[in-house]
Amino acid sequence: MDKQTDIKRLSQAGLEDAMRDLEQPAWRVSSLVRWLYQRGVTSFAEMTDLPSAVRDALTERYTLSSPVVVGRQASADGTRKYLVRFADGVTVETVGLPSGGRLTVCFSTQAGCAMGCAFCATGQGGLVRNLSCGEMADQVAVVAKDFGERVTNAVAMGQGEPFANYDAVLAALRFMNAKDGLGIGARHITVSTCGVLSGIRRFAKEPEQFTLAVSLHSAVQPTRDRLMPGVHGYRLRDLRDALADYAESTGRRPTLEYALVAGVNDSPKELNALVEWCTGLPCHVNLIPVNPVDGTGVERPDDEASLRFRHVLMRSGIESSIRVERGVDIDAACGQLRQRS
Ligand code: SAH
Ligand code: SF4
């Protein structure tokens, strides 16, 4: 066995195999998960309810990596942004958003992102690497520890495209959801995708009631291709079919994210296309006036545009809301996360 395998790379099934190899009963896996994700220990030696021979064998076979918080900024609105460094020196940003008794963590699924969306800071730098399931779950644990509170909601809306790292993301969501893990209700765990169709179709079949959000940003093909070059191979009608199937098979309503960019997707023609695309699809449209990101040249339209979009969507029977941005003063809002703070 490769001594270098980090135990935080293993899914629940991987941990079960590891314990089986050590001829341990299945219930010891729960204990291992608790030590790794609830208590956040940094060595196997601290897992005091495991027999010492098991602790020694685990130490022999696996490394146990823990992230280090190398930067922390607090916004005037209570939002906190962390720069988290992993064992190989790679860093990502994670955000904690407290609000009315809830604590939401916005975690990253990749360091960087290959999708290159025109308005997104993460997309500007390209992909560095995928994160492991443990590196994702640990971001949630970092925020829980810093706030000294239980995390109630988790959203995969930090850096990266979750469905470009599907297996590790699902394994992470399960550790977040597990009662021996971080104990967050499945409905309170959301994945946001730029629209990777194979991922949406797989996600629809997962047994847990995780929530799905899809970045739409335009219902006009050439506009969407320009804004989101990484998914230009996917046709809007196929995305709509995948979402209609998702809604039908899960009984859940996906959220559609629509970042309003002045002069690009805020025109009456774009609005009409959006209404037409959404009609008959169970969905909730989340309008986000785009956040300014240096070097992208995109601008936020005036408030009137979001109000007009919301009004017309409502009148057409399409549920929508305007997202209240948090943490803009520390560049912690949507699309503002970079490799360094
Ligand atoms: N890669 C995934 C999830 C991370 S991005 C995705 O694209 O869905 C989380 C959300 O922030 C997405 O809806 C994304 O389109 C949006 N976003 C990116 N840059 C933004 C910006 N500058 N202003 C507002 N929203 C932005
Ligand atoms: Fe990647 Fe999402 Fe940013 Fe697009 S918006 S570049 S998919 S992180």
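If you average the C-alpha positions of the stretch 135-196 and of the stretch 1-42 separately, how far apart do those two centres end up, in angstrom?
For the stretch 135-196 versus the stretch 1-42, the Cα centre distance is 19 Å.
So which residue, out of 196, 92, 324, gets the largest mean-square fluctuation from a GNM of the chain using Cα contacts under 10 Å as springs?
324
Residue by residue through the stretch 177-190, which ³J(HN,Hα) values in whole Hz follow from phi under the Karplus form 6.51 cos²θ - 1.76 cosθ + 1.60 (θ = phi - 60°), with glycine and proline marked x?
With coefficients 6.51, -1.76 and 1.60, one gets 7, 4, 5, 7, x, 9, x, 8, x, 4, 5, 9, 10, 10 Hz.
Residue 329: net charge of surrounding residues, Cβ under 11 Å, Lys/Arg +1, Asp/Glu -1, itself excluded?
-1
Provide the net charge surrounding residue 26, with neighbours chosen by a C-beta distance below 10 Å and charges set as Lys +1, Arg +1, Asp -1, Glu -1.
Taking every Cβ under 10 Å from that of residue 26, the sum is +1.
Please list, by residue number, every one of the trypsin sites (Lys or Arg not before Pro) in the stretch 272-341 that is coil in DSSP and has at most 15 other beta-carbon atoms within 10 Å.
Hits after loop and neighbour filter: 323, 340.
At what distance in angstrom do the alpha carbon centres of the stretch 303-341 and the stretch 52-83 lie from each other?
Using only Cα atoms to place each centre, the spacing works out to 31 Å.
Top mean-square fluctuation among 222, 254, 207, Gaussian network model of the chain, C-alpha springs under 10 Å?
207
Less than 13 Å Cβ to Cβ from residue 224, Lys/Arg counted +1 and Asp/Glu -1: what total charge do the surrounding residues give?
Residues close to residue 224 contribute a combined charge of 0.
Please report the relative contact order for the chain, taking Cα pairs under 8 Å with a sequence separation of at least 6, and give it as a percent rounded to a whole number.
Dividing the mean separation by the residue count of the chain yields 17 percent.
Pairs of alpha-carbon atoms within less than 8 angstrom and 6+ residues apart define the contacts here; what relative contact order does the stretch 200-341 have, in percent?
22
Quick one: dipole size for the stretch 197-339, taken about the Cα centre, charges +1 on Lys/Arg Cβ and -1 on Asp/Glu Cβ, in debye to the nearest 20.
That gives the stretch 197-339 a dipole magnitude of about 400 debye.
Can you compute the charge dipole magnitude of the chain about its Cα centre, using +1 on each Lys and Arg Cβ and -1 on each Asp and Glu Cβ, nothing else charged? Give it in debye, rounded to the nearest 20.
280
How large is ³J(HN,Hα), in whole Hz, for each residue of the stretch 319-331 in order, when computed from phi with the Karplus curve 6.51 cos²θ - 1.76 cosθ + 1.60 and θ = phi - 60°, using x for Gly and Pro?
Ordered by residue, 3J(HN,Hα) equals 5, 8, 8, 10, 6, 7, 6, 10, x, 4, 5, 10, 6 Hz.
Whole-Hz Karplus ³J(HN,Hα) for the stretch 57-74, in order, using 6.51 cos²θ - 1.76 cosθ + 1.60 and θ = phi - 60°, x for Gly and Pro?
Listing the rounded values in order: 5, 5, 4, 5, 8, 10, 9, 10, 8, 9, x, 10, 7, 9, x, 8, 10, 10 Hz.
Specify the residue with the greatest mean-square fluctuation among 205, 179, 81, computed from a Gaussian network of the chain linking alpha-carbon atoms under 10 Å apart.
Maximum among the listed residues: 205.
Placing +1 on the Cβ of each Lys and Arg and -1 on the Cβ of each Asp and Glu in the stretch 119-205, which of 176, 133, 203 has its Cα farthest towards the positive end of the resulting dipole?
So the residue furthest toward the plus end is 203.
Under 8 Å for C-alpha pairs, at least 6 residues apart: give me the relative contact order for the stretch 189-280, rounded to a whole percent.
Dividing the mean separation by the residue count of the stretch 189-280 yields 35 percent.
Using helices alone, I'd like the mean residue ellipticity at 222 nm for the chain: each DSSP H run of four-plus residues gives -39500 (n - 2.57), total over residue count, nearest 500.
Using -39500 (n - 2.57) per qualifying helix, the result is -9500 deg cm²/dmol.
What's the angle, to the nearest 10 degrees (0 to 90), between helix 236-250's Cα axis and the longest principal axis of the chain?
Between the helix axis and the principal axis of the chain, the angle is about 50 degrees.
Do any cysteines in the chain lack another Cys Cβ under 4.7 Å, and if so which?
That list is 106, 113, 133, 194, 278, 283, 334.
Computed from the coordinates by the stated procedures, all read-outs in this text should not be read as laboratory data. Since the structure is predicted, the reported quantities are computational estimates derived from the model, not experimental observations. As a convention, Cβ positions derive from the backbone with ideal geometry for all residues, glycine included, and neighbour counts pool all protein chains shown.
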